[in-house]
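Here's the structure, in structure tokens; my notes come after.
The values are calculated or read from the model by the stated rules, or taken from the named source; none is laboratory data. Small disclaimer: the values here were computed from a predicted structure and weren't measured. Every residue, glycine among them, receives a Cβ derived from its backbone with ideal geometry; neighbour counts consider all protein chains shown. Just so you know, the surface numbers come from the protein's heavy atoms only, side chains and all, with ligands and any DNA or RNA stripped out. Shrake-Rupley method; radii C 1.70, N 1.55, O 1.52, S 1.80 Å.
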Amino acid sequence: LFYTEKGTAQKTDTIMHVNGNVMTGDFKKMLYGVVTWKMDGMGTISLEEPKVNTIISNKQFEVKMKDGKYYYASFDSSGIARKVYLKMSDQSKLVNVDDIVEVYPIKNSFWNRVSGNFSLGANYSKASNVATLAFSGNLDYRKRTSYFSLAWDSNDTYQGDTLSSSKSDISIAWQRSLEKGWSADVAIAAAQNTELGTKLRLGLSLIAIKDLAYNNWNRLYTGAGLNVAQEKGYDNNSVTNDLAGIFIVYWKVYKLSSPKVWVDANISYLPYLTNGPRNRVTFNLNPKVNLLSDNFKVGMNFYYNYDSNPSSEAAANDDYGLNLQLTYSFH
């Protein structure tokens, strides 16, 4: 009987609500101020961090704090309101629940470490016989203090049965978390844009990233580094090799009480250090609201690209688009 009870306890997590209620189930993760919690009979539910009094779990988690520090620990009750013990192999640390910004279980299987989303958008005008199809998404693979990310974005415009313009981007990145909110990011990307005259651009970016704000309603972080690129335009077969600076700002705003809302925005600026003068700017805005469940969201995606000196002489200096999107997320 003792052996059975111990085995069961290892699979049961407990959250004490601020109103005194006790909830048992499976602690899936905590991100952006919301705990994802799976309970028998109720399925997966969301609980806002300010409503959590304490957490008890024997499982191992990767815990990120507001000051940027990482711990690999289990949770134990402290007996003090809104404080919890992080239990590590050699010590225990008492922390405020509000100072925890991310919690991920340390999982062994490859599939359980993968998360992502897929988005599909479309627009059509009968008067102009113009249709736009958009497909985007990302896959993230988490390890301790680092993760890999594969992201893609494709926007194709058709007039009748002819492809009139196309914009595609794909990138794979590796990001390593450092101390005090700093991260190092290495990314390889490929891009194509008929409006800006870019037939193919291959690039490698090295970026230092710093969290400026991270709490239960927003995350703001910025980065700076270098970008090395090789580019070919549509109107000639010549290839240019370029070195540019890169400055980025990401802002994520979220309201994860019903109705749940996500707003992702980012802007990047690349001043060219060779073959200039040339400046490129990219801006993306993606607001979404949950639809039926947390796995499905509906929203829009707006992008704007600017190039002061495109690789093709007849190309435009800017390109922008707006699409309605349906998004499916997992893990």
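Quick notes on this one:
- 3J(HN,Hα) along the stretch 148-164: 9, 9, 10, 10, 8, 8, 10, 10, 10, 10, 10, 10, x, 9, 10, 6, 8 Hz, from the Karplus curve 6.51 cos²θ - 1.76 cosθ + 1.60 with θ = phi - 60°, whole Hz, x for Gly and Pro.
- Selected from 292, 206, 220 as most flexible by GNM, with the chain as the system and alpha-carbon contacts under 10 Å: 292
- Amide hydrogen neighbours beyond the local backbone of residue 311, cut-off 5 Å, H modeled: none
- The Kirkwood hydrodynamic radius of the chain, based on inverse pair distances between different Cα atoms, is 22.2 Å.
- Of the residues 160, 25, 203, the one that moves most in a GNM of the chain with alpha-carbon contacts below 10 Å is 160.
- Under 27 Å, Cα to Cα: Lys pairs in the stretch 58-160, sequence gap 8 or more or different chains: 29
- Within the chain, longest stretch clear of exposed chymotrypsin sites (Phe, Trp or Tyr not before Pro) (DSSP loop, no more than 16 other Cβ within 10 Å): 218-331
- To put it simply, the accessible area of the stretch 113-218 at a 1.4 Å probe is 61 percent carbon and sulfur.
- For the stretch 27-71, the solvent-accessible area of protein heavy atoms averages 44 Å² per residue (probe radius 1.4 Å; ligands and nucleic acids excluded).
- C-alpha center-to-center spacing [the stretch 10-87, the stretch 305-322] in angstrom: 48 Å
- Per-residue ³J(HN,Hα) for the stretch 94-107, Karplus 6.51 cos²θ - 1.76 cosθ + 1.60, θ = phi - 60°, Hz, x for Gly and Pro: 8, 9, 6, 4, 5, 7, 8, 10, 9, 9, 10, x, 7, 10
- Assuming charge only on the beta carbon of Lys and Arg (+1) and of Asp and Glu (-1), the dipole of the chain about its Cα centre is about 1020 debye to the nearest 20.
- Using the Karplus relation 6.51 cos²θ - 1.76 cosθ + 1.60 with θ = phi - 60°, the per-residue 3J(HN,Hα) values for the stretch 24-33 come to 10, x, 10, 6, 7, 5, 9, 8, 6, x Hz, with x marking Gly and Pro.
- Gaussian network model of the chain, springs between alpha carbon atoms under 10 Å - residue of 166, 78, 293 with greatest fluctuation: 293
- Amide H contacts of residue 196 (H built 1.01 Å from N, under 5 Å, at least 5 apart or other chain): none
- Overall, the accessible surface of the stretch 273-331 at a probe of 1.4 angstrom is composed of carbon and sulfur to the extent of 61 percent.
- Taking every protein chain into account, the accessible area of the stretch 204-245 amounts to 50 square angstrom per residue (probe 1.4 Å).
- Under 5 Å, built H, 5+ apart or other chain: amide partners of residue 164: 157, 158, 159
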